[in-house]
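**Q** Below: one structure in structure tokens.
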Amino acid sequence: QVQLVESGGGLVQPGGSLRLSCRASRSLFSINAMNWYRQAPGKQRELAAGISKGGIPNYADDAKGRFTISRDTAKNTVYLQMNSLKPEDTAVYYCNTVVTLTSYWGQGTQVTVSS
């Protein structure tokens, strides 16, 4: 079992930056890939970025060049640095991982990009 706790959301102007954090209740080396999903109002939840157990990142097309996923294994924490934010990035952002075929989610953190 894994508990995931996100933090770092908020209101930011277009072009601004935010850094989201996701702290896991166990070592990142004991679980698989860590992912950041987002869900905008009226839309399906979609993958924004992920980082493999070996530390290899991957990004959705519209996140490439603007978002950076990273991790601090000593703190069991994964980060999502979001730069050049756009209004269409407004969503609830969720941390996710899958362990032994069970998907775990954090409670979500709201990101609002608006002037």
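The values are calculated or read from the model by the stated rules, or taken from the named source; none is laboratory data. Quick caveat: nothing in here was measured; it's all calculated off a predicted structure. Cβ sites come from the backbone with ideal geometry, for glycine too, and all protein chains shown count toward neighbours. Ligands, DNA and RNA are stripped out before the accessible areas are found, and what is left, the full protein with its side chains, is counted by its heavy atoms. Shrake-Rupley method; radii C 1.70, N 1.55, O 1.52, S 1.80 Å.
**Q** In segment 42-70, which residues are under 12 Å from L80 (Cβ atoms) and hydroxyl-bearing (S, T, Y)?
**A** Y59, T68, S70
**Q** Take segment 46-77 and flag every residue that is in contact with a Ser or Thr (Cβ under 9 Å, 6 or more places away or on another chain) and of a type in the set (G, A, S).
**A** A49, G55, G65
Let's see how each residue does on (1) within 18 Å of A24 (Cβ to Cβ); (2) surrounded by fewer than 17 Cβ atoms within 10 Å (Cβ to Cβ):
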| site | (1), (2) |
| --- | --- |
| D62 | no, yes |
| R66 | no, yes |
| K75 | yes, yes |
| L80 | yes, no |
| N83 | no, yes |
| Y93 | yes, no |
| T97 | yes, no |
| Q107 | yes, yes |
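**Q** Only residues that are open to solvent by 30 Å² or more (accessible area, probe 1.4 Å) and under 13 Å from T97 (Cα atoms): list them for segment 4-25, please.
**A** V5, R23, S25
**Q** Next question. Mind listing just one residue for me: the one in segment 31-48 that is open to solvent by less than 60 Å² (accessible area, probe 1.4 Å), small (G, A, S) and in a loop (DSSP other than H, G, I, E, B) and, of those, modelled with the highest pLDDT?
**A** In this case the residue turns out to be A40.
**Q** What is the one condition in (1) free of Cβ contacts under 8 Å to residues at least 24 places away in the same chain; (2) not in a strand (DSSP E or B) that S70 does not satisfy?
**A** Evaluating S70 over (1) free of Cβ contacts under 8 Å to residues at least 24 places away in the same chain; (2) not in a strand (DSSP E or B) leaves (2) as the failure.
**Q** Name the single residue, out of those in segment 18-45 being in contact with a Ser or Thr (Cβ under 8 Å, 6 or more places away or on another chain) and hydroxyl-bearing (S, T, Y), that is farthest from Q107 (Cα to Cα).
**A** S27
**Q** For L28, which of the numbered conditions (1) under 22 Å from S103 (Cβ atoms); (2) crowded, with 18+ Cβ neighbours inside 10 Å; (3) at pLDDT 95 or above fails to hold?
**A** So the condition that L28 fails would be (3).
**Q** State the number of residues belonging to segment 49-60 that are buried (at least 17 other Cβ atoms within 10 Å of the Cβ), free of Cβ contacts under 8 Å to residues at least 24 places away in the same chain and closer than 26 Å to S115 by Cβ.
**A** Of the residues in that region, 1 qualify.
**Q** I've got another one for you. Sort out which residues of segment 73-96 are touching a helix residue (DSSP H, G or I) at 6+ places or on another chain (Cβ under 9 Å) and in a strand (DSSP E or B), and write them in order of number.
**A** Within segment 73-96, T77, V78, M82 qualify.
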